[in-house]
Amino acid sequence: MDIWNIIPKQFRAKGVGVSITIFVRALLNFVGLAALLPVLYLILDSESIHSNAALQSVYNAIGFSSDQQFVVAIAVAVVLFIVAKSLINIYLYRVERDYIYALYRHLSRQLFIGYFGEGLQFVKRENTALLSRNVNVVCYTFVTGILRPIATLVSELLLLLMIFLSIAIYSPLGALLAVAVFIPVAWLYFALMRYRLDRYGNVENEAQRRKYRDVIETFRGYADIEINNAFDHQLSLFDKELETIIRVGRKNATISMLPQNLTEVGLAAGMALLLILGSTLDSADMKLLFGVFAIAGLRLMPSARSIMSAWSALRYNRYTIDILRDAKGPKEAKRSSTTERITIAETIELRDISFRFEDSADDTLHHLSLTIHKGEKVGINGESGVGKTTLLNILLGLYAPTEGGVYIDNKLLDEELRRRWQNSIGYVSQSTFLADNTILANIALGYDEESIDMERIERVIEAASLSEFVSSLPKGVYTRIGECGALLSGGQRQRIGIARALYKEADILFFDEATSSLDSATEQSINRAIEHLSATNKELTIVVVAHRESSLDYCNRIITLKKDNI
(Lines give C-alpha, C1' and ligand atoms only; values in the text may rest on other atoms or scores of the structure.)
Protein backbone atom coordinates (compact mmCIF):
# COMPACT_ATOMS: atom_id res chain seq x y z
CA MET A 1 0.00 0.00 0.00
CA ASP A 2 2.91 2.36 0.73
CA ILE A 3 4.25 1.76 -2.78
CA TRP A 4 0.85 2.55 -4.31
CA ASN A 5 0.67 5.80 -2.34
CA ILE A 6 4.16 6.83 -3.46
CA ILE A 7 3.26 6.39 -7.14
CA PRO A 8 1.62 9.65 -8.35
CA LYS A 9 -2.01 9.43 -9.49
CA GLN A 10 -1.21 10.16 -13.12
CA PHE A 11 1.06 7.09 -13.22
CA ARG A 12 -1.36 4.64 -11.62
CA ALA A 13 -3.63 4.01 -14.61
CA LYS A 14 -0.64 3.46 -16.87
CA GLY A 15 0.79 1.19 -14.20
CA VAL A 16 -2.25 -1.08 -14.60
CA GLY A 17 -1.52 -1.23 -18.34
CA VAL A 18 2.11 -2.10 -17.63
CA SER A 19 0.88 -4.88 -15.33
CA ILE A 20 -0.99 -6.35 -18.31
CA THR A 21 2.22 -6.37 -20.35
CA ILE A 22 3.86 -8.33 -17.53
CA PHE A 23 1.12 -10.97 -17.79
CA VAL A 24 1.44 -11.07 -21.59
CA ARG A 25 5.20 -11.57 -21.34
CA ALA A 26 4.72 -14.44 -18.91
CA LEU A 27 2.15 -16.01 -21.25
CA LEU A 28 4.46 -15.63 -24.26
CA ASN A 29 7.33 -17.25 -22.37
CA PHE A 30 5.07 -20.13 -21.43
CA VAL A 31 3.83 -20.61 -25.01
CA GLY A 32 7.42 -20.43 -26.23
CA LEU A 33 8.30 -23.24 -23.84
CA ALA A 34 5.29 -25.28 -24.97
CA ALA A 35 6.33 -24.81 -28.61
CA LEU A 36 9.41 -26.91 -27.92
CA LEU A 37 7.31 -29.98 -27.04
CA PRO A 38 6.72 -31.11 -30.68
CA VAL A 39 10.48 -30.98 -31.23
CA LEU A 40 10.96 -33.00 -28.03
CA TYR A 41 8.50 -35.63 -29.25
CA LEU A 42 10.32 -35.93 -32.57
CA ILE A 43 13.72 -36.20 -30.88
CA LEU A 44 12.67 -38.84 -28.37
CA ASP A 45 10.39 -40.81 -30.69
CA SER A 46 10.73 -40.42 -34.46
CA GLU A 47 7.58 -42.52 -34.93
CA SER A 48 5.50 -40.00 -32.95
CA ILE A 49 4.57 -38.23 -36.19
CA HIS A 50 2.00 -40.93 -36.84
CA SER A 51 1.44 -42.28 -33.34
CA ASN A 52 0.68 -38.85 -31.77
CA ALA A 53 -2.83 -37.70 -32.66
CA ALA A 54 -1.98 -33.98 -32.63
CA LEU A 55 1.07 -34.34 -34.88
CA GLN A 56 -0.79 -36.67 -37.22
CA SER A 57 -3.70 -34.22 -37.60
CA VAL A 58 -1.28 -31.38 -38.50
CA TYR A 59 0.51 -33.72 -40.94
CA ASN A 60 -2.75 -34.62 -42.70
CA ALA A 61 -4.25 -31.10 -42.65
CA ILE A 62 -1.29 -29.51 -44.45
CA GLY A 63 -0.67 -32.51 -46.66
CA PHE A 64 3.01 -33.22 -46.25
CA SER A 65 4.48 -35.68 -48.75
CA SER A 66 7.22 -37.03 -46.47
CA ASP A 67 8.19 -37.30 -42.80
CA GLN A 68 11.43 -35.39 -43.44
CA GLN A 69 9.48 -32.48 -44.96
CA PHE A 70 7.23 -32.45 -41.90
CA VAL A 71 10.19 -32.42 -39.47
CA VAL A 72 11.85 -29.51 -41.32
CA ALA A 73 8.57 -27.54 -41.32
CA ILE A 74 8.03 -28.11 -37.60
CA ALA A 75 11.60 -27.03 -36.80
CA VAL A 76 11.37 -23.87 -38.92
CA ALA A 77 7.95 -22.98 -37.47
CA VAL A 78 9.22 -23.35 -33.91
CA VAL A 79 12.29 -21.21 -34.62
CA LEU A 80 10.19 -18.49 -36.30
CA PHE A 81 7.73 -18.50 -33.42
CA ILE A 82 10.51 -18.19 -30.83
CA VAL A 83 12.02 -15.27 -32.79
CA ALA A 84 8.62 -13.51 -33.00
CA LYS A 85 7.99 -14.17 -29.32
CA SER A 86 11.39 -12.72 -28.42
CA LEU A 87 10.79 -9.56 -30.46
CA ILE A 88 7.39 -9.01 -28.84
CA ASN A 89 8.98 -9.61 -25.43
CA ILE A 90 11.64 -6.99 -26.14
CA TYR A 91 8.96 -4.47 -27.12
CA LEU A 92 6.87 -5.17 -24.01
CA TYR A 93 9.97 -4.90 -21.84
CA ARG A 94 10.69 -1.50 -23.39
CA VAL A 95 7.18 -0.39 -22.42
CA GLU A 96 7.85 -1.45 -18.83
CA ARG A 97 11.32 0.14 -18.86
CA ASP A 98 10.03 3.47 -20.24
CA TYR A 99 7.35 3.53 -17.54
CA ILE A 100 9.92 2.87 -14.81
CA TYR A 101 12.26 5.65 -15.95
CA ALA A 102 9.44 8.13 -16.57
CA LEU A 103 8.34 7.51 -12.99
CA TYR A 104 11.92 7.99 -11.78
CA ARG A 105 12.17 11.32 -13.59
CA HIS A 106 8.88 12.46 -12.10
CA LEU A 107 9.65 11.37 -8.53
CA SER A 108 13.16 12.84 -8.53
CA ARG A 109 11.96 16.11 -10.03
CA GLN A 110 9.00 16.39 -7.67
CA LEU A 111 11.13 15.58 -4.65
CA PHE A 112 13.60 18.30 -5.68
CA ILE A 113 10.77 20.80 -6.17
CA GLY A 114 9.08 19.67 -2.97
CA TYR A 115 12.17 20.06 -0.81
CA PHE A 116 12.85 23.49 -2.29
CA GLY A 117 9.22 24.47 -1.84
CA GLU A 118 9.33 23.67 1.87
CA GLY A 119 11.10 26.98 2.27
CA LEU A 120 14.22 28.43 3.82
CA GLN A 121 13.52 27.19 7.36
CA PHE A 122 13.29 23.59 6.14
CA VAL A 123 16.47 23.81 4.05
CA LYS A 124 18.42 25.32 6.97
CA ARG A 125 17.10 22.73 9.40
CA GLU A 126 17.81 19.65 7.25
CA ASN A 127 21.15 18.27 6.15
CA THR A 128 21.41 19.33 2.52
CA ALA A 129 23.77 16.46 1.69
CA LEU A 130 21.07 13.99 2.73
CA LEU A 131 18.39 15.87 0.80
CA SER A 132 20.66 15.73 -2.24
CA ARG A 133 21.13 11.98 -1.82
CA ASN A 134 17.37 11.43 -1.55
CA VAL A 135 16.78 13.38 -4.76
CA ASN A 136 19.65 11.87 -6.75
CA VAL A 137 19.97 8.33 -5.41
CA VAL A 138 16.93 7.19 -3.43
CA CYS A 139 14.40 7.88 -6.21
CA TYR A 140 16.50 5.94 -8.70
CA THR A 141 16.98 3.05 -6.28
CA PHE A 142 13.23 2.95 -5.62
CA VAL A 143 12.29 2.44 -9.28
CA THR A 144 15.18 0.09 -10.13
CA GLY A 145 15.44 -1.72 -6.80
CA ILE A 146 11.74 -1.92 -5.86
CA LEU A 147 9.42 -1.46 -8.85
CA ARG A 148 11.51 -3.34 -11.41
CA PRO A 149 11.99 -6.37 -9.09
CA ILE A 150 8.22 -6.36 -8.44
CA ALA A 151 7.63 -6.59 -12.20
CA THR A 152 10.14 -9.45 -12.44
CA LEU A 153 8.62 -11.20 -9.45
CA VAL A 154 5.07 -11.06 -10.85
CA SER A 155 6.11 -12.13 -14.35
CA GLU A 156 8.22 -15.06 -13.19
CA LEU A 157 5.64 -16.22 -10.64
CA LEU A 158 2.97 -16.29 -13.37
CA LEU A 159 5.27 -18.25 -15.66
CA LEU A 160 6.17 -20.63 -12.85
CA LEU A 161 2.49 -21.23 -12.11
CA MET A 162 1.69 -21.92 -15.78
CA ILE A 163 4.58 -24.37 -16.10
CA PHE A 164 3.64 -26.18 -12.90
CA LEU A 165 -0.03 -26.53 -13.90
CA SER A 166 0.97 -27.87 -17.32
CA ILE A 167 3.31 -30.43 -15.79
CA ALA A 168 0.59 -31.39 -13.30
CA ILE A 169 -1.91 -32.00 -16.12
CA TYR A 170 0.55 -34.03 -18.16
CA SER A 171 2.25 -35.85 -15.29
CA PRO A 172 1.17 -35.51 -11.65
CA LEU A 173 4.35 -37.34 -10.73
CA GLY A 174 6.46 -34.74 -12.50
CA ALA A 175 4.59 -31.91 -10.76
CA LEU A 176 5.06 -33.60 -7.40
CA LEU A 177 8.73 -33.98 -8.16
CA ALA A 178 9.06 -30.28 -9.05
CA VAL A 179 7.36 -29.29 -5.80
CA ALA A 180 9.54 -31.65 -3.79
CA VAL A 181 12.69 -30.17 -5.33
CA PHE A 182 12.07 -26.41 -5.65
CA ILE A 183 9.80 -25.55 -2.70
CA PRO A 184 12.31 -26.60 -0.01
CA VAL A 185 15.08 -24.74 -1.85
CA ALA A 186 13.02 -21.52 -2.04
CA TRP A 187 11.82 -21.85 1.56
CA LEU A 188 15.37 -22.34 2.81
CA TYR A 189 16.58 -19.24 0.95
CA PHE A 190 13.71 -16.99 2.11
CA ALA A 191 13.94 -18.18 5.71
CA LEU A 192 17.69 -17.61 5.92
CA MET A 193 17.88 -14.30 4.08
CA ARG A 194 14.72 -12.39 5.01
CA TYR A 195 15.93 -10.39 8.01
CA ARG A 196 19.54 -10.25 6.87
CA LEU A 197 18.63 -8.40 3.68
CA ASP A 198 16.47 -5.87 5.54
CA ARG A 199 19.30 -5.16 7.94
CA TYR A 200 22.01 -4.98 5.27
CA GLY A 201 19.98 -2.56 3.15
CA ASN A 202 19.39 -0.19 6.06
CA VAL A 203 23.00 -0.39 7.22
CA GLU A 204 24.36 0.39 3.76
CA ASN A 205 21.93 3.29 3.25
CA GLU A 206 22.91 4.92 6.53
CA ALA A 207 26.61 4.43 5.81
CA GLN A 208 26.23 5.91 2.31
CA ARG A 209 24.41 8.93 3.72
CA ARG A 210 27.10 9.56 6.32
CA LYS A 211 29.90 9.09 3.78
CA TYR A 212 28.19 11.47 1.36
CA ARG A 213 27.88 14.05 4.15
CA ASP A 214 31.50 13.63 5.29
CA VAL A 215 32.88 14.20 1.78
CA ILE A 216 30.80 17.33 1.16
CA GLU A 217 31.63 18.81 4.57
CA THR A 218 35.34 18.09 4.13
CA PHE A 219 35.58 19.92 0.81
CA ARG A 220 33.29 22.72 2.00
CA GLY A 221 35.43 23.33 5.06
CA TYR A 222 38.79 22.76 3.40
CA ALA A 223 40.59 25.76 4.91
CA ASP A 224 39.45 25.12 8.49
CA ILE A 225 40.14 21.40 8.23
CA GLU A 226 43.63 21.96 6.81
CA ILE A 227 44.59 24.66 9.34
CA ASN A 228 43.35 22.55 12.25
CA ASN A 229 45.03 19.40 10.90
CA ALA A 230 41.62 17.72 10.99
CA PHE A 231 41.76 15.87 7.67
CA ASP A 232 43.03 12.65 9.28
CA HIS A 233 39.96 12.70 11.52
CA GLN A 234 37.65 13.30 8.54
CA LEU A 235 39.44 10.54 6.64
CA SER A 236 38.95 8.14 9.54
CA LEU A 237 35.21 8.88 9.47
CA PHE A 238 35.21 8.30 5.70
CA ASP A 239 37.16 5.03 6.08
CA LYS A 240 34.77 3.80 8.76
CA GLU A 241 31.73 4.29 6.53
CA LEU A 242 33.57 2.91 3.50
CA GLU A 243 34.46 -0.21 5.43
CA THR A 244 30.82 -0.66 6.46
CA ILE A 245 29.67 -0.32 2.84
CA ILE A 246 32.27 -2.81 1.62
CA ARG A 247 31.47 -5.30 4.38
CA VAL A 248 27.75 -5.18 3.63
CA GLY A 249 28.43 -5.24 -0.12
CA ARG A 250 30.47 -8.42 0.23
CA LYS A 251 27.68 -10.11 2.15
CA ASN A 252 25.08 -8.99 -0.38
CA ALA A 253 27.25 -10.21 -3.27
CA THR A 254 27.47 -13.64 -1.62
CA ILE A 255 23.71 -13.70 -1.10
CA SER A 256 23.12 -12.76 -4.75
CA MET A 257 25.00 -15.93 -5.81
CA LEU A 258 22.81 -18.24 -3.72
CA PRO A 259 19.72 -18.36 -6.02
CA GLN A 260 21.75 -19.68 -8.95
CA ASN A 261 23.56 -22.30 -6.88
CA LEU A 262 20.47 -23.42 -4.97
CA THR A 263 18.38 -23.84 -8.12
CA GLU A 264 21.18 -25.82 -9.80
CA VAL A 265 21.28 -28.11 -6.76
CA GLY A 266 17.50 -28.47 -7.00
CA LEU A 267 17.62 -29.35 -10.70
CA ALA A 268 20.37 -31.91 -10.13
CA ALA A 269 18.39 -33.43 -7.26
CA GLY A 270 15.33 -33.69 -9.50
CA MET A 271 17.28 -35.44 -12.24
CA ALA A 272 18.72 -37.87 -9.67
CA LEU A 273 15.25 -38.69 -8.37
CA LEU A 274 14.06 -39.34 -11.93
CA LEU A 275 16.90 -41.80 -12.45
CA ILE A 276 15.99 -43.55 -9.20
CA LEU A 277 12.33 -43.74 -10.22
CA GLY A 278 13.25 -44.84 -13.75
CA SER A 279 13.21 -48.52 -12.87
CA THR A 280 9.49 -48.36 -12.07
CA LEU A 281 8.47 -46.70 -15.37
CA ASP A 282 8.17 -47.85 -18.95
CA SER A 283 11.24 -46.91 -21.03
CA ALA A 284 9.29 -44.66 -23.42
CA ASP A 285 7.40 -42.96 -20.57
CA MET A 286 10.65 -42.50 -18.72
CA LYS A 287 12.27 -40.82 -21.72
CA LEU A 288 9.37 -38.48 -22.24
CA LEU A 289 9.04 -37.62 -18.55
CA PHE A 290 12.78 -37.04 -18.33
CA GLY A 291 12.65 -34.78 -21.41
CA VAL A 292 9.66 -32.78 -20.15
CA PHE A 293 11.28 -32.33 -16.75
CA ALA A 294 14.55 -31.30 -18.41
CA ILE A 295 12.88 -28.61 -20.54
CA ALA A 296 10.69 -27.41 -17.68
CA GLY A 297 13.61 -27.55 -15.28
CA LEU A 298 15.85 -25.53 -17.55
CA ARG A 299 13.14 -22.86 -17.62
CA LEU A 300 12.17 -23.28 -13.98
CA MET A 301 15.75 -22.81 -12.85
CA PRO A 302 16.27 -19.26 -14.22
CA SER A 303 12.70 -18.40 -13.28
CA ALA A 304 13.20 -19.49 -9.68
CA ARG A 305 16.56 -17.71 -9.66
CA SER A 306 14.95 -14.50 -10.93
CA ILE A 307 12.23 -14.73 -8.28
CA MET A 308 14.74 -15.13 -5.47
CA SER A 309 16.97 -12.35 -6.82
CA ALA A 310 14.00 -9.98 -7.22
CA TRP A 311 12.84 -10.77 -3.70
CA SER A 312 16.36 -10.08 -2.41
CA ALA A 313 16.42 -6.69 -4.15
CA LEU A 314 13.04 -5.82 -2.65
CA ARG A 315 14.18 -6.61 0.87
CA TYR A 316 17.54 -4.89 0.42
CA ASN A 317 16.08 -1.66 -1.00
CA ARG A 318 12.88 -1.39 1.01
CA TYR A 319 14.36 1.51 3.01
CA THR A 320 13.59 3.70 -0.04
CA ILE A 321 9.87 3.12 0.55
CA ASP A 322 10.12 4.60 4.05
CA ILE A 323 12.08 7.63 2.83
CA LEU A 324 9.72 8.45 -0.06
CA ARG A 325 6.61 7.72 2.00
CA ASP A 326 7.68 10.24 4.65
CA ALA A 327 9.18 12.78 2.22
CA LYS A 328 7.27 15.98 1.56
CA GLY A 329 8.44 16.31 -2.01
CA PRO A 330 6.53 13.76 -4.09
CA LYS A 331 3.09 15.08 -3.05
CA GLU A 332 2.34 16.76 -6.38
CA ALA A 333 4.58 19.74 -5.66
CA LYS A 334 3.80 22.83 -7.73
CA ARG A 335 5.61 26.10 -8.17
CA SER A 336 4.59 29.37 -9.74
CA SER A 337 6.63 30.12 -12.87
CA THR A 338 5.19 33.53 -13.60
CA THR A 339 7.56 36.28 -14.76
CA GLU A 340 5.14 39.07 -13.84
CA ARG A 341 6.41 41.78 -11.51
CA ILE A 342 5.04 44.26 -9.00
CA THR A 343 5.74 47.94 -9.48
CA ILE A 344 5.82 49.75 -6.15
CA ALA A 345 3.89 52.98 -6.20
CA GLU A 346 4.22 54.07 -2.56
CA THR A 347 5.16 51.81 0.36
CA ILE A 348 6.29 48.51 1.80
CA GLU A 349 4.71 48.00 5.23
CA LEU A 350 5.25 45.53 8.04
CA ARG A 351 2.11 45.59 10.14
CA ASP A 352 2.46 44.26 13.67
CA ILE A 353 4.50 41.23 12.64
CA SER A 354 5.84 38.54 14.90
CA PHE A 355 8.00 35.62 13.90
CA ARG A 356 8.99 32.42 15.67
CA PHE A 357 11.13 29.61 14.32
CA GLU A 358 9.50 26.19 14.32
CA ASP A 359 11.94 24.77 16.88
CA SER A 360 11.94 27.83 19.15
CA ALA A 361 9.84 28.64 22.21
CA ASP A 362 10.26 32.42 21.88
CA ASP A 363 9.59 35.01 19.19
CA THR A 364 12.59 36.27 17.25
CA LEU A 365 10.54 39.33 16.25
CA HIS A 366 7.61 40.50 18.34
CA HIS A 367 4.85 42.90 17.16
CA LEU A 368 7.14 44.91 14.89
CA SER A 369 5.78 47.56 12.52
CA LEU A 370 7.61 49.76 10.03
CA THR A 371 7.05 51.49 6.71
CA ILE A 372 9.52 51.88 3.83
CA HIS A 373 8.66 54.46 1.19
CA LYS A 374 9.49 54.16 -2.48
CA GLY A 375 12.93 55.65 -3.23
CA GLU A 376 14.05 55.50 0.42
CA LYS A 377 17.47 54.23 1.44
CA VAL A 378 16.79 52.46 4.74
CA GLY A 379 19.45 50.97 6.99
CA ILE A 380 18.73 48.27 9.59
CA ASN A 381 21.30 47.61 12.30
CA GLY A 382 21.52 46.12 15.78
CA GLU A 383 23.61 43.69 17.73
CA SER A 384 24.07 40.07 16.64
CA GLY A 385 21.11 37.79 17.24
CA VAL A 386 18.56 40.59 17.38
CA GLY A 387 16.75 39.42 14.22
CA LYS A 388 18.10 41.63 11.43
CA THR A 389 18.48 38.83 8.89
CA THR A 390 15.16 37.31 9.97
CA LEU A 391 13.47 40.66 9.31
CA LEU A 392 15.09 40.84 5.89
CA ASN A 393 14.01 37.29 5.04
CA ILE A 394 10.43 38.29 5.87
CA LEU A 395 10.73 41.29 3.56
CA LEU A 396 12.15 39.00 0.87
CA GLY A 397 9.19 36.64 1.19
CA LEU A 398 11.43 33.78 2.33
CA TYR A 399 9.80 33.60 5.77
CA ALA A 400 6.11 34.05 6.48
CA PRO A 401 5.31 35.97 9.69
CA THR A 402 3.64 33.92 12.39
CA GLU A 403 1.51 36.99 13.12
CA GLY A 404 0.80 40.18 11.19
CA GLY A 405 1.64 40.71 7.54
CA VAL A 406 3.77 42.43 4.90
CA TYR A 407 1.87 44.78 2.57
CA ILE A 408 3.02 46.09 -0.81
CA ASP A 409 0.95 49.21 -1.59
CA ASN A 410 -1.71 47.86 0.80
CA LYS A 411 -1.73 44.43 -0.85
CA LEU A 412 -0.92 41.53 1.47
CA LEU A 413 2.22 39.66 0.48
CA ASP A 414 0.65 36.20 0.41
CA GLU A 415 1.64 33.03 -1.46
CA GLU A 416 -0.14 34.19 -4.60
CA LEU A 417 1.72 37.53 -4.68
CA ARG A 418 5.10 36.22 -3.45
CA ARG A 419 6.56 35.13 -6.82
CA ARG A 420 5.69 38.44 -8.48
CA TRP A 421 7.23 40.32 -5.54
CA GLN A 422 10.47 38.32 -5.73
CA ASN A 423 10.65 38.98 -9.48
CA SER A 424 10.77 42.69 -8.64
CA ILE A 425 13.57 42.70 -6.08
CA GLY A 426 17.35 42.29 -6.07
CA TYR A 427 19.23 40.63 -3.24
CA VAL A 428 22.89 40.60 -2.19
CA SER A 429 23.79 38.50 0.84
CA GLN A 430 26.84 38.32 3.05
CA SER A 431 27.92 35.22 1.12
CA THR A 432 26.66 35.65 -2.41
CA PHE A 433 25.62 32.41 -4.07
CA LEU A 434 27.87 31.69 -7.04
CA ALA A 435 27.53 28.67 -9.29
CA ASP A 436 30.54 26.85 -10.73
CA ASN A 437 30.02 28.60 -14.05
CA THR A 438 31.02 31.73 -15.95
CA ILE A 439 30.82 35.32 -14.76
CA LEU A 440 28.12 35.86 -17.37
CA ALA A 441 25.97 32.96 -16.15
CA ASN A 442 26.31 34.11 -12.54
CA ILE A 443 25.27 37.69 -13.30
CA ALA A 444 22.33 36.56 -15.44
CA LEU A 445 21.34 33.84 -12.96
CA GLY A 446 18.28 31.95 -14.15
CA TYR A 447 18.51 33.13 -17.77
CA ASP A 448 19.38 30.93 -20.74
CA GLU A 449 22.56 32.17 -22.42
CA GLU A 450 20.85 32.83 -25.75
CA SER A 451 18.34 35.16 -24.06
CA ILE A 452 20.91 37.28 -22.16
CA ASP A 453 20.99 40.97 -23.07
CA MET A 454 24.72 41.66 -23.53
CA GLU A 455 24.27 45.45 -23.60
CA ARG A 456 22.61 45.30 -20.22
CA ILE A 457 25.40 43.01 -18.97
CA GLU A 458 27.96 45.67 -19.92
CA ARG A 459 25.96 48.37 -18.12
CA VAL A 460 25.61 46.42 -14.86
CA ILE A 461 29.28 45.40 -14.92
CA GLU A 462 30.17 49.07 -15.16
CA ALA A 463 27.71 50.04 -12.44
CA ALA A 464 29.07 47.34 -10.09
CA SER A 465 32.67 48.49 -10.72
CA LEU A 466 33.64 45.21 -12.36
CA SER A 467 34.73 46.56 -15.76
CA GLU A 468 38.45 46.74 -15.03
CA PHE A 469 38.51 43.21 -13.57
CA VAL A 470 36.48 41.62 -16.39
CA SER A 471 38.51 43.34 -19.12
CA SER A 472 41.72 41.93 -17.59
CA LEU A 473 40.52 38.36 -18.11
CA PRO A 474 41.42 36.57 -21.38
CA LYS A 475 37.89 35.14 -21.68
CA GLY A 476 36.14 38.17 -20.17
CA VAL A 477 32.63 37.39 -18.92
CA TYR A 478 33.01 33.82 -20.18
CA THR A 479 35.64 33.09 -17.52
CA ARG A 480 34.65 30.31 -15.11
CA ILE A 481 34.90 31.29 -11.44
CA GLY A 482 35.14 27.90 -9.70
CA GLU A 483 32.94 26.36 -7.03
CA CYS A 484 31.38 29.08 -4.85
CA GLY A 485 33.49 31.65 -6.72
CA ALA A 486 36.71 30.17 -5.33
CA LEU A 487 38.79 31.91 -8.01
CA LEU A 488 37.52 35.38 -7.04
CA SER A 489 38.28 37.74 -4.18
CA GLY A 490 35.60 38.58 -1.62
CA GLY A 491 35.00 41.99 -3.17
CA GLN A 492 34.68 40.52 -6.67
CA ARG A 493 32.14 38.01 -5.45
CA GLN A 494 30.02 40.73 -3.86
CA ARG A 495 30.24 42.91 -6.97
CA ILE A 496 28.94 40.03 -9.05
CA GLY A 497 26.05 39.81 -6.59
CA ILE A 498 25.35 43.53 -7.09
CA ALA A 499 25.59 43.16 -10.87
CA ARG A 500 23.10 40.27 -10.67
CA ALA A 501 20.63 42.39 -8.72
CA LEU A 502 21.02 45.22 -11.24
CA TYR A 503 20.61 42.89 -14.23
CA LYS A 504 17.12 42.08 -12.97
CA GLU A 505 16.36 45.81 -13.26
CA ALA A 506 14.88 45.48 -9.79
CA ASP A 507 12.85 48.26 -8.19
CA ILE A 508 14.15 47.40 -4.72
CA LEU A 509 17.61 46.23 -3.67
CA PHE A 510 18.18 44.34 -0.41
CA PHE A 511 21.67 44.01 1.07
CA ASP A 512 22.22 41.60 3.96
CA GLU A 513 25.59 42.29 5.62
CA ALA A 514 26.95 42.47 2.08
CA THR A 515 30.28 43.97 3.14
CA SER A 516 30.75 42.59 6.65
CA SER A 517 33.27 39.93 5.62
CA LEU A 518 35.39 42.32 3.54
CA ASP A 519 38.43 44.40 4.47
CA SER A 520 37.91 48.14 5.09
CA ALA A 521 39.16 49.31 1.69
CA THR A 522 36.99 46.82 -0.23
CA GLU A 523 34.02 47.61 2.01
CA GLN A 524 34.36 51.32 1.30
CA SER A 525 34.69 50.62 -2.42
CA ILE A 526 31.50 48.56 -2.50
CA ASN A 527 29.65 51.08 -0.33
CA ARG A 528 30.64 53.81 -2.79
CA ALA A 529 29.29 51.66 -5.63
CA ILE A 530 25.96 51.26 -3.79
CA GLU A 531 25.91 54.97 -2.97
CA HIS A 532 26.52 55.76 -6.64
CA LEU A 533 23.57 53.56 -7.60
CA SER A 534 21.42 55.40 -5.09
CA ALA A 535 22.48 58.82 -6.38
CA THR A 536 21.92 57.98 -10.05
CA ASN A 537 18.49 56.40 -9.54
CA LYS A 538 16.26 58.32 -7.16
CA GLU A 539 13.36 55.90 -7.72
CA LEU A 540 15.42 52.91 -6.53
CA THR A 541 14.52 51.67 -3.04
CA ILE A 542 17.42 50.26 -1.04
CA VAL A 543 17.23 48.33 2.23
CA VAL A 544 20.57 47.57 3.87
CA VAL A 545 21.16 45.32 6.87
CA ALA A 546 24.55 45.99 8.41
CA HIS A 547 26.26 45.51 11.74
CA ARG A 548 28.60 48.47 11.26
CA GLU A 549 27.07 51.95 11.08
CA SER A 550 29.75 53.04 8.60
CA SER A 551 28.05 50.80 6.04
CA LEU A 552 24.85 52.85 6.39
CA ASP A 553 26.22 56.38 5.84
CA TYR A 554 24.33 56.86 2.58
CA CYS A 555 20.96 55.82 4.07
CA ASN A 556 18.13 58.33 4.59
CA ARG A 557 16.98 56.53 7.71
CA ILE A 558 18.43 53.95 10.09
CA ILE A 559 16.28 51.54 12.09
CA THR A 560 18.01 50.03 15.11
CA LEU A 561 16.66 46.72 16.39
CA LYS A 562 17.09 45.94 20.06
CA LYS A 563 16.25 42.83 22.00
CA ASP A 564 14.21 44.75 24.53
CA ASN A 565 11.96 46.40 21.93
CA ILE A 566 11.10 43.49 19.67
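The values are calculated or read from the model by the stated rules, or taken from the named source; none is laboratory data. Since we're looking at a predicted model, the values are computed, not measured. Because the Cβ atoms are built from the backbone with ideal geometry, glycine has one as well, and the counts that use them run over all protein chains shown. Ligands, DNA and RNA are excluded from the accessible area calculation, which covers all protein heavy atoms including side chains. Shrake-Rupley method; radii C 1.70, N 1.55, O 1.52, S 1.80 Å.
From the list ARG125, ARG148, the lone residue that is open to solvent by 40 Å² or more (accessible area, probe 1.4 Å) and under 16 Å from SER312 (Cα atoms) is ARG148.
Scan region 382-441 for residues that are under 20 Å from THR338 (Cα atoms), among the hydrophobic types (A, V, I, L, M, F, W, C) and part of a strand (DSSP E or B) and the total you get is 3.
Each row is one residue, and each column tells you yes or no for (1) on the phi > 0 side of the Ramachandran plot; (2) out of contact with any Leu (no Cβ under 6 Å at 6 or more places or on another chain); (3) open to solvent by less than 60 Å² (accessible area, probe 1.4 Å).
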residue: GLU458; (1), (2), (3): no, yes, no
residue: SER472; (1), (2), (3): no, yes, no
residue: VAL477; (1), (2), (3): no, no, yes
residue: ILE481; (1), (2), (3): no, no, yes
residue: GLY485; (1), (2), (3): yes, no, yes
residue: GLY497; (1), (2), (3): no, yes, yes
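Scanning region 350-366 for residues that are out of contact with any Asp or Glu (no Cβ under 7 Å at 6 or more places or on another chain) and within 17 Å of TRP421 (Cβ to Cβ), which turns out surrounded by the fewest Cβ atoms within 10 Å (Cβ to Cβ)? It comes out as ARG351. If I filter region 367-386 down to residues being loosely packed, with under 13 Cβ neighbours inside 10 Å and small (Gly, Ala, Ser), which single residue comes out as modelled with the highest pLDDT? Only one residue tops the list, namely SER369.
Restricting SER429, SER467 to those that are closer than 12 Å to ARG495 by Cα, under 35 Å from the mean Cα position of the chain (by Cα) and surrounded by fewer than 18 Cβ atoms within 10 Å (Cβ to Cβ) reduces the list to SER429.
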